[in-house]
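See structure below.
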Amino acid sequence: MSRHSSQALTPLEAAGELAALAKEIAHHDILYHQSDAPQISDAAYDELRKRYRELCESFPHLVPEQDPEKKVGAAPAAGFGKVTHAVPMLSLGNAFTDEDVTDFVARIRRFLQLNAHEPIVMMAEPKIDGLSASLRYEQGRLVQGATRGNGAVGENITSNILTIKNIPHTLKAPFPDLLEIRGEIFLSRADFLRLNEQREADGEPLFANPRNAAAGSVRQLDSTITASRPLAFFAYAYGIISQIDFSSQQEFRKKLLAWGFDLNEPAKLCSNEVELLAYYHDIEEQRHTLPFDIDGVVYKVDRFDWQERLGFVSRAPRWATAHKFAAEKAITKLNAISIQVGRTGALTPVADLDPINVGGVMVSRATLHNEDEILRKDIRVGDEVVVQRAGDVIPQIVEVVLSKRPAESQPFSFPTHCPECGSLALREDGMAVRRCTGGLICPAQAVERLCHFVSRNAFNIEGLGEQRVRELWADKLIQTPADIFTLERHRETLATREGWGEKSTTKLLEAIEARRTISLDRFIYALGIRQVGEATAKILARHYKTYTAFRQAMESPSAAQDLTSIDQIGPLMAQDITAFFAEPHNLGVLDALARQLTIQVQPERAVASAVAGKTIVFTGALASMGRSEAKAKAECLGLTVAGSVSKKTDFVVIGGDAGSKAAKAEQLGVKVLTEAEWLDMIQSD
Ligand code: IVH
């Protein structure tokens, strides 16, 4: 994005941009810290922060109320207990250029009023790209582990921390009575690759990078999952401490070793900027031979008395900074643009490149996102392009080297038909994505849909990962989901397949058998209908309760109307669902599948409602809502809605022109509610 220098902006423009940046940064903070699923590279995120800071400096009176600079990370996720850190866990300021480092040292010199000759000794350490944690030791025993959370309050992850092998459960003496150790939890690159291979084999979604894998593993509510991941920990700082007998970072590191912690190496004590920068460039070169991912180095003033005097500004210490590595770039030739078709039929353009080394990793493909992105950057086959790998994310094409464009080059024209099945590929109004309309007849979608079908939150068929689905599909043993449940017929063929054998065939067939009974919500989710994720599948299942009812409703001409009457289902989603059922091929597949299964009646949602389990009757016309809405609301609260009043009725709600039911209620002594009283009751619930 081209940006004006902050001086060139009017206050109005600056205020607008600041507000937009604050919002954007907050959005990415949540994706990164809470969802462990960043959508932009760290370098791009740092750019946003940098621009934000620049504008704040030029327009200090316009700093937004929700200032991301005053916040570290994102609020703790629900699910874990909360831990208030005895000493806040802060973040670090960033340096990107040599000049930034010079400024950092000069600021310290000024602050401490040191003369130009006095050396400022700093400890330089690798900056590990993981998840920071705080470990509390009382009398040398590990009693609590917490994530950083928002810096003040983190999540209690003690049981997960206890599974990390190189974290000592007891410290080697002598130790202070109370001690909080801070450091980074991470996965080595090799372990990350192994974990992803395993996930691929199991048909589970892959982690984008070691950091996400570590964060995802630590934030598991089930600590046996954490235990199965080879996490490790490096210690680099302390929080609260009851007595200190060291006076520098260097001495502190020795203590850490003596207590039993592993350190982030190679670290180096540097006496001046020249040494700091030499260290930085040295580590940058070694970066790809280190066993773990780093995203820069950290410089810390070595003397603790100086650290104390320097103190903190807003979210970061004045005595330390992170010197980040730049996103790595290289130039190569774009040989072709191929189109991949995903499970939902989305056509994604991918650049096929002359293989090139980008920061230690060979890159031969890069994502082009979508049609508009290619147009916007005017990327053409035959161009020389700048490829970027920002440490972690999938390689991207930054720009075209226009000076090298061949004279005969032509703009890329995006296909209008699916390259896999030849069906028309359509782009809906306002959407960036073009999609194949071939549904299950499209081989690309069929395999992807089958993978989705057997995945963990759908049918969860163990031993049927993507690799096997692909093999079985290619050999025509599984073409549609129903074929999975008749696979028994091919037992012999399976057992003689290379790499299978009796044992694993039996295991797989048993795993399939175990899933022949399935809940309605999982069943609906497994169908892979566009936009129908787990939450929507649950809503549909709760509404229709049985597969038969759902199926019938979807085939009725008023299906779309029926769907949009459900809370949280909008017209676009309804359109996707009805489109699925409008495809005769899909109906055939569904029928064949349903014949193989027992699809359970969806249980009522367990509600903690005071009126749950009671029986209610509506009579007369309600002013605020129709009868079906009233019924749905009541059912949502766990009430049973009956048609006539009896001794078993708990409440009768009287609308306008109520007839005999009201009288009957009085007669039986059943509680009668006006519409307003009923609304009151459901509101307070
Ligand atoms: S010191 C008060 N040292 O980077 C400063 N942090 O971007 C405490 N990190 O929150 C942090 N390696 O999670 C420090 N050698 C290192 C580090 C390190 C990685 C992380 C840490 C911090 C973040 C800031």
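The values are calculated or read from the model by the stated rules, or taken from the named source; none is laboratory data. The shown structure was predicted, so the numbers you read here are calculated from the model rather than taken from an experiment. Neighbour counts are summed over all protein chains in view; Cβ atoms, including those assigned to glycine, are modelled from backbone coordinates with ideal geometry. The area values use the complete protein model at the heavy-atom level, side chains included, leaving out ligands, DNA and RNA. Shrake-Rupley method; radii C 1.70, N 1.55, O 1.52, S 1.80 Å.
Looking at I225 and the list (1) part of a helix (DSSP H, G or I); (2) open to solvent by less than 20 Å² (accessible area, probe 1.4 Å); (3) of a type in the set (V, I, T), which single condition is not satisfied?
Going through the list (1) part of a helix (DSSP H, G or I); (2) open to solvent by less than 20 Å² (accessible area, probe 1.4 Å); (3) of a type in the set (V, I, T), I225 breaks only (2).
Does K503 qualify as being in a loop (DSSP other than H, G, I, E, B), of a type outside the set (A, V, I, L, M, F, W, C) and exposed (fewer than 15 other Cβ atoms within 10 Å of the Cβ)?
Numbers: in a loop (DSSP other than H, G, I, E, B): no; of a type outside the set (A, V, I, L, M, F, W, C): yes; exposed (fewer than 15 other Cβ atoms within 10 Å of the Cβ): yes.
So K503 does not fit the description; no.
Go through the residues of the range 315-323 one by one and say whether even a single one is open to solvent by 70 Å² or more (accessible area, probe 1.4 Å) and more than 11 Å from the ligand (Cβ to nearest atom). Step through it out loud before you land on a result.
Step one: of the range 315-323, the residues open to solvent by 70 Å² or more (accessible area, probe 1.4 Å) are 318.
If we keep only those that are more than 11 Å from the ligand (Cβ to nearest atom) too, we end up with none.
Checked against the condition, which is being open to solvent by 70 Å² or more (accessible area, probe 1.4 Å) and more than 11 Å from the ligand (Cβ to nearest atom), the range 315-323 yields no hits at all.
When the residues of the range 553-591 are filtered to those that are hydrophobic (A, V, I, L, M, F, W, C) and touching a Ser or Thr at 6+ places or on another chain (Cβ under 6 Å), which remaining residue is surrounded by the most Cβ atoms within 10 Å (Cβ to Cβ)? Before the answer, list the steps.
At the first step, the residues of the range 553-591 found to be hydrophobic (A, V, I, L, M, F, W, C) are 553-554, 559-560, 563, 566, 569, 572-574, 577, 579-582, 587, 589-590.
From what is left, the residues that are touching a Ser or Thr at 6+ places or on another chain (Cβ under 6 Å) are 559-560, 574, 589.
On the way: A559: 17, A560: 17, A574: 19, V589: 22.
Within the range 553-591, the match that is surrounded by the most Cβ atoms within 10 Å (Cβ to Cβ) is V589.
Residues to consider are I461, I478, I484; find the one that is at pLDDT 95 or above and either open to solvent by less than 10 Å² (accessible area, probe 1.4 Å) or over 26 Å from the mean Cα position of the chain (by Cα) (or both).
Numbers: I461 fails: at pLDDT 95 or above; I478 fails: at pLDDT 95 or above.
Answer to the selection: I484.
Being away from the ligand (no atom under 12 Å from the Cβ), assigned to a loop (DSSP other than H, G, I, E, B) and under 25 Å from the mean Cα position of the chain (by Cα) narrows it down to one residue among I120, I164; which is it?
The unique qualifying residue is I164.
More than 13 Å from the ligand (Cβ to nearest atom) and touching a residue at least 60 places away in the same chain (Cβ under 8 Å): which single residue out of A278, A201, A215 fits that description? Step through it out loud before you land on a result.
Working: A278 fails: touching a residue at least 60 places away in the same chain (Cβ under 8 Å); A215 fails: more than 13 Å from the ligand (Cβ to nearest atom).
Exactly one residue qualifies, and that residue is A201.
For E125, all conditions in the list (1) part of a helix (DSSP H, G or I); (2) within 16 Å of the ligand (Cβ to nearest atom); (3) over 21 Å from E69 (Cβ atoms) hold save one; what is the number of the exception?
(1)
Just to be sure I understand the filter: pairs with C-beta atoms under 7 Å, separated by 6 or more residues or on different chains, first member in the range 498-514 and under 23 Å from L597 (Cα atoms) and of a type outside the set (S, T, Y), second member open to solvent by 70 Å² or more (accessible area, probe 1.4 Å) and part of a helix (DSSP H, G or I). Which pairs pass?
Taking only residues 6 or more apart or on different chains, the pairs are L509/E488; L509/R491.
Residue under question is Q602, and the condition is that it be part of a loop (DSSP other than H, G, I, E, B) and of a type in the set (S, T, N, Q); does it hold?
Details: part of a loop (DSSP other than H, G, I, E, B): yes; of a type in the set (S, T, N, Q): yes.
So Q602 fits the description; yes.
It is to be established whether one or more residues within the range 523-535 are basic (K, R) and either at pLDDT 90 or above or part of a helix (DSSP H, G or I) (or both). Don't jump to the end; show me each part of the working.
Start the filter on the range 523-535 by keeping residues that are basic (K, R), which leaves 530.
In the following step, the residues that additionally are either at pLDDT 90 or above or part of a helix (DSSP H, G or I) (or both) were identified as none.
Checked the range 523-535: no residue is basic (K, R) and either at pLDDT 90 or above or part of a helix (DSSP H, G or I) (or both).
Taking the range 257-266 as the region of interest, how many residues are surrounded by fewer than 21 Cβ atoms within 10 Å (Cβ to Cβ) and part of a loop (DSSP other than H, G, I, E, B)? Before the answer, list the steps.
First, the residues of the range 257-266 that are surrounded by fewer than 21 Cβ atoms within 10 Å (Cβ to Cβ): 257-260, 262-263, 265-266.
Within this subset, residues satisfying the condition of being part of a loop (DSSP other than H, G, I, E, B) are 260, 262, 265-266.
Qualifying residue count for the region: 4.
Which of the residues spanning the range 507-552 are of a type in the set (D, E) and buried (at least 16 other Cβ atoms within 10 Å of the Cβ)?
Of all residues in the range 507-552, those of a type in the set (D, E) come to 510, 513, 521, 534.
D521 - this is the single residue of the range 507-552 that is of a type in the set (D, E) and buried (at least 16 other Cβ atoms within 10 Å of the Cβ).
Taking the range 392-444 as the region of interest, how many residues are touching a Lys or Arg at 6+ places or on another chain (Cβ under 9 Å), part of a loop (DSSP other than H, G, I, E, B) and not hydrophobic (A, V, I, L, M, F, W, C)?
Of the residues in the range 392-444, 10 are touching a Lys or Arg at 6+ places or on another chain (Cβ under 9 Å), part of a loop (DSSP other than H, G, I, E, B) and not hydrophobic (A, V, I, L, M, F, W, C).
Working only within the range 393-414, note down all residues that are within 24 Å of N209 (Cβ to Cβ) and open to solvent by 30 Å² or more (accessible area, probe 1.4 Å). Outline the logic, then answer.
Here is the first cut: in the range 393-414, the residues within 24 Å of N209 (Cβ to Cβ) are 393-399.
The answer is V393, I394, Q396, V398, E399.
Kindly list the number of the only condition in (1) at positive phi; (2) surrounded by 14 or more Cβ atoms within 10 Å (Cβ to Cβ) that fails for R389.
(1)
Please work out if T321 is part of a strand (DSSP E or B) and at pLDDT below 95.
On the way: part of a strand (DSSP E or B): yes; at pLDDT below 95: no.
Answer is no for this residue.
Return the residue satisfying two criteria in turn: it lies in the range 228-256 and is open to solvent by 60 Å² or more (accessible area, probe 1.4 Å) and either aromatic (F, W, Y) or closer than 20 Å to T163 by Cα (or both), and of such residues it is farthest from the chain's Cα centre (by Cα).
Once the filter is applied, the top-ranked residue is Y238.
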